[in-house]
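The values are calculated or read from the model by the stated rules, or taken from the named source; none is laboratory data. Everything numeric in this text was worked out from a predicted model, so none of it was measured. All Cβ positions, even for glycine, are placed from backbone atoms using ideal geometry, and neighbour counts span all protein chains on display.
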Amino acid sequence: MGSIIEMTWAQTMPADRDEKQFFKELGASIAALRKAQNITQVQLAEALGVSQQTVTAYESGRRRMPVSSLPFIARFLGTTVEDLIGERPAPGKRGPAPKLQQQIERIQQLPKTQQKFVMQMLDTVLAQAAR
């Protein structure tokens, strides 16, 4: 494991053109998922243990996020690392999507107000089930 100086340098050193585009697209993906779930940058920053300004820099692609944080971010946003980075499984190699996954994908296509309503309903049902 490197020193703090080495880790900070690795996170802020300029990336080549492909890396810059990758981190810009990754940041846009995270921002879109975060906004769709009405999660603020402050909430994501607190969950990651970084400042809101750092999340802003991640989402804009101005700063490379540690790749080791991707699994946590994916879980926090209710998605997969593959979806965050825009990787799709090869066609024909995946079986049919489970019904729950299909429903989630359909919910994501709804207008924001209807998404919020569905989330409130789910929260209510889950809270009752936890009793």
Among the residues of segment 48-61, what is the count of those that are surrounded by fewer than 19 Cβ atoms within 10 Å (Cβ to Cβ) and under 12 Å from the mean Cα position of the chain (by Cα)?
1
So is residue 79 touching a helix residue (DSSP H, G or I) at 6+ places or on another chain (Cβ under 7 Å), touching a residue at least 40 places away in the same chain (Cβ under 8 Å) and outside the structural domain of residue 117 (by TED's automatic domain parsing) or not?
yes
Segment 62-71 - residue that is closer than 15 Å to residue 29 by Cβ and more than 8 Å from the chain's Cα centre (by Cα) and, of those, surrounded by the fewest Cβ atoms within 10 Å (Cβ to Cβ):
67
